[in-house]
Amino acid sequence: MRFEQTFILHRPPEDVFAFMVEPDNLAKWQTVKTYVTPLTDGAPRLGYRVREGTKVGPREWDQVVEFTEFEPGRAFGVRVIEGPESHGRWTFQPDGSGTRVHLEADMKAPPGLGTLFKWIAARQFRGYHENLRRELERP
């Protein structure tokens with residue numbers, strides 16, 4: 001199941017990218033995260049991995065996520081390598097005094113729930129992107 005979203009943030013691409021890839025910031029915008037633990041030493045980069053705890057309603061699970069693309073200020077991609085199958089790619093383009101952010105996401109939906117799951121996932125990510133706006137556009 002695939003979906004895309006595009007939105008504008010009033011911050012430079014480098015700032016948006018840096019905030020989004022920092023493990024300490026993940027739960028600030030993806031509020032279903034209960035913890036994020038780096039598994040790779042050093043700064044985020046291609047191949048960098050984190051273990052995440054996720055809670056949606058009564059369901060909780062752990063997953064390991066790896067950066068599969070990493071171009072500071074331009075794009076990053078992630079893939080779940082342990083846990084529910086999914087991957088996403090965010091791109092960043094200057095747009096006036098801000099940034100046009102585009103997400104392409106692909107997730108494996110539970111059998112028989114494709115359309116409903118896509119609607120729920122897209123709604124969840126719209127909320128995450130609104131959280132990004134609140135975090136990054138604070139006065």
Exercise. Regarding Phe76, is this residue touching a strand residue (DSSP E or B) at 6+ places or on another chain (Cβ under 8 Å) and modelled with pLDDT of 95 or more?
Worked result: yes
Problem set entry | Residues of the range 80-95 satisfying the condition of being free of Cβ contacts under 8 Å to residues at least 60 places away in the same chain and either surrounded by 14 or more Cβ atoms within 10 Å (Cβ to Cβ) or not in a loop (DSSP other than H, G, I, E, B) (or both) | Val80, Ile81, Glu82, Gly83, Ser86, His87, Gly88, Arg89, Thr91
Exercise. Would a scan of the range 34-50 turn up a residue that is under 20 Å from His129 (Cβ atoms), of a type in the set (S, T, N, Q) and touching a Pro at 6+ places or on another chain (Cβ under 9 Å)?
Worked result: no
Exercise. Do you know which residues across the range 55-79 are under 16 Å from Gln30 (Cα atoms), exposed (fewer than 15 other Cβ atoms within 10 Å of the Cβ) and touching a Pro at 6+ places or on another chain (Cβ under 9 Å)?
Worked result: Trp61
Seminar exercise, completed: The correct count of residues that are buried (at least 20 other Cβ atoms within 10 Å of the Cβ) and hydroxyl-bearing (Ser, Thr, Tyr) in the range 4-21 is 0
Exercise. Does any residue of the range 96-115 turn out to be without any contact (Cβ under 8 Å) to a residue 60 or more places away in the chain and in a helix (DSSP H, G or I)?
Worked result: yes
For this session: Report the residue count in the range 22-44 for those that are part of a loop (DSSP other than H, G, I, E, B) and either surrounded by 16 or more Cβ atoms within 10 Å (Cβ to Cβ) or not small (Gly, Ala, Ser) (or both).
Result: 8
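The values are calculated or read from the model by the stated rules, or taken from the named source; none is laboratory data. All figures in this text were calculated on a predicted structure; none of them were measured in a lab. Don't worry about glycine lacking a Cβ; one is built from the backbone with ideal geometry, like all the others, and counts go over all protein chains shown.
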